[in-house]
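Below: one structure, written as structure tokens.
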Amino acid sequence: MLWSYVFVVLLPLVLRAEADDGFVTTKGHQLILNGSPFYANGFNAYWLMYFASDPSLRPKVSLAYQQAVNHSLAIGRTMAFNDGGSNPLQISPGQYNEKMFQGLDFVVAEARKYGIKLILSLVNNFANLGGRKQYVEWARNQGQSISSEDDFYTNSVVKGFYKNHVKTVLTRINTITGVAYKDDSTIMAWELMNEPRCLSDRSGNTVQAWIKEMAAYLKSIDGKHLLEVGLEGFYNQARYQGNPNFQVGTDFIANNQIPEIDFATVHSYPDEWLSGSSFEDQLSFLNTWLNEHTQDAQNVLHKPVLFAEFGKSKKDGGADKRDRLYHAIYSAVYSSAKGGGAATGAVFWQLLLEGMGSYGDGYEVVFSEDPSTANLISQESAKMIKIRKKHANLRNIRHKGRP
């Protein structure tokens, strides 16, 4: 869903993990921060760069971070792209809008102040904010024979455009901190694409080849940061029974087995995927979806899994049903995390502030306007912090016991 649209229990700041300035790494099926397992919940906020590009709106970015921390959230997922169109980051292939890039600089610099780890997505599958469609149009305008948006994955000129964007973002020197993005531990991970799909090749082979090529390229520039694909979690044809009655040309297992991919991601929108089903059936599907992916991450992939997008529209059922869905996801993740499992966190779609109604899509959470959901997020996320603190304390005890 992310970027397919166009534009309380408060906990003290000391509950943030201490010294959040290290790089997030992996060890087996766990994320690791400063030597201890990193379990954390988070939020999606695609609008951060756009607001930060306007100095008068930058306080709203800071406020979003402050509210996130007050609700015990430690991960923020946002975009490091806006291709063509109005207020772009990338005006045309290789040409960038410095004002927008300085907005992204602020997003990264400010996240560091609040101890928030960022996941930065590098391109959109959807046409909003440019995406694959803009890339293939750029190539077509240069005389390339383009048959569909799926040529994004195979056309050499288009792939060159994308690689240049990857290099430009990763080597960007932050104008506020003076630190290159590829050297900034505030960034938890790069995401190759938001929700990649390739309907012209549902076998998954086309997307698999693209991931292999782009993951290797990105890692050749930046070996410090984690990398994930941006997958929704759909299985291939052999496991189609686990999908919500459709396939999109991706393969949760094979795509994430690529060595350069450090952790898996899963998205969850039962109300969209199973729109003709009852809410109880959607919840039943969700519980199976969560369990299957957690077990596959732990036992097949041997990598962490982050539930990087989930939500339910308030337009259908109100806050009660949404809270039940949130609770199901948070409970499944916590159950895995407390046992040291592969589910590392849940990142809801999407955080907005008061007065941002035009950015709403029905899935938004405004903490002051959605008190029951806000309390649920805060309580469940505090539980994740307690797991992190427990591991950190055990690690400190072990270190103190050494001669």
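Structural remarks
- Computed magnitude of the charge dipole of the chain (debye, nearest 20; Cβ of K, R +1, Cβ of D, E -1): 1480
- Residues whose placed amide H lies under 5 Å from that of R77, excluding near-sequence neighbours: F43, N44, A45, I119
- Dipole magnitude of the range 238-313, debye to nearest 20 (Cβ charges: Lys/Arg +1, Asp/Glu -1, about Cα centre): 100
- Carbon-plus-sulfur accessible fraction, the chain (probe radius 1.4 Å, protein heavy atoms only): 49%.
- S156-S277 FRET efficiency (beta carbon distance; Förster radius 45 Å; 0.05 resolution): 0.60
- Normalised per residue, the accessible area of the chain is 37 Å², obtained with a 1.4 Å probe and no contribution from ligands, DNA or RNA.
- Sequentially through the range 360-371, phi angles give Karplus couplings (6.51, -1.76, 1.60; θ = phi - 60°) of x, 10, x, 9, 5, 10, 10, 3, 6, 9, 10, x Hz, Gly and Pro residues having no value and appearing as x.
- Contact order normalised by residue count of the range 214-330, Cα under 8 Å, 6+ apart, percent: 24
- Lys, Arg +1 and Asp, Glu -1 on Cβ, resulting dipole of the range 165-238 about Cα centre, debye, nearest 20: 180
- Extending 7 Å from the Cα toward the beta-carbon at both L199 and N299 defines two label points whose distance is 3.5 nm.
- Using only Cα coordinates, the Kirkwood hydrodynamic radius of the chain works out to 21.2 Å.
- Between K315 and T177, the modelled label-to-label distance comes to 3.7 nm, taking each label 7 Å out from Cα in the direction of the beta carbon.
- Legend: residues K386, K219, sorted from most to least accessible area (1.4 Å probe; ligands, DNA and RNA excluded), read K386, K219.
- Using a Förster distance of 41 Å, the FRET efficiency for Q241-K390 (Cβ separation, nearest 0.05): 0.65
- Within straight-line cross-link reach of K167, aspartates and glutamates at Cα separation under 12 Å, skipping those fewer than 8 residues along the same chain: D222
- Label-reachable residues, the range 155-194, where backbone N falls under 15 Å from a point 7 Å from E260's Cα toward its Cβ: 159-171, 190-193
- Over all other residues within a Cβ to Cβ distance under 13 Å of G242, the charged ones net out to -3, with Lys and Arg as +1 and Asp and Glu as -1.
- Label-to-label distance, nm, for residues given as A209 and N375 (7 Å Cα→Cβ offset): 5.5
- When both bridge partners sit in the chain, DSSP labels roughly 25% of those beta bridges antiparallel.
- Filter on K117/K389; K27/K133; K182/K389 - keep pairs with C-alpha separation over 25 Å: K27/K133; K182/K389
- Amide N of the range 117-158 lying under 14 Å from the label point, which is placed 7 angstrom from the Cα of Q95 along Cα→Cβ: 138-139, 141-142
- If the chain linking K27 and Q66 were pulled fully straight, counting 0.36 nm for each residue of separation and taking away their Cα-Cα distance, it would gain 11.0 nm.
- Shown are T175, T26, T206, whose ranking by accessible area with a 1.4 Å probe and every protein chain present, most to least, is T175, T26, T206.
- Both radii are taken from the alpha-carbon atoms of the range 341-403; with Rh as the Kirkwood radius, Rg/Rh is 1.23.
- Spatial separation of Cα centroids for the range 27-106 and the range 353-392, in angstrom: 17
- Residues F23, F152, sorted by accessible area with the largest first, give F23, F152 [1.4 Å probe; ligands and nucleic acids excluded].
The values are calculated or read from the model by the stated rules, or taken from the named source; none is laboratory data. On a predicted model such as this, the values are computed, not experimentally measured, just so you know. For neighbour counting, all protein chains shown are included, and Cβ atoms are generated from backbone atoms with ideal geometry for every residue, glycine included. What goes into the accessible areas is simple: the full protein's heavy atoms, side chains included, and nothing from ligands, DNA or RNA. Shrake-Rupley method; radii C 1.70, N 1.55, O 1.52, S 1.80 Å.
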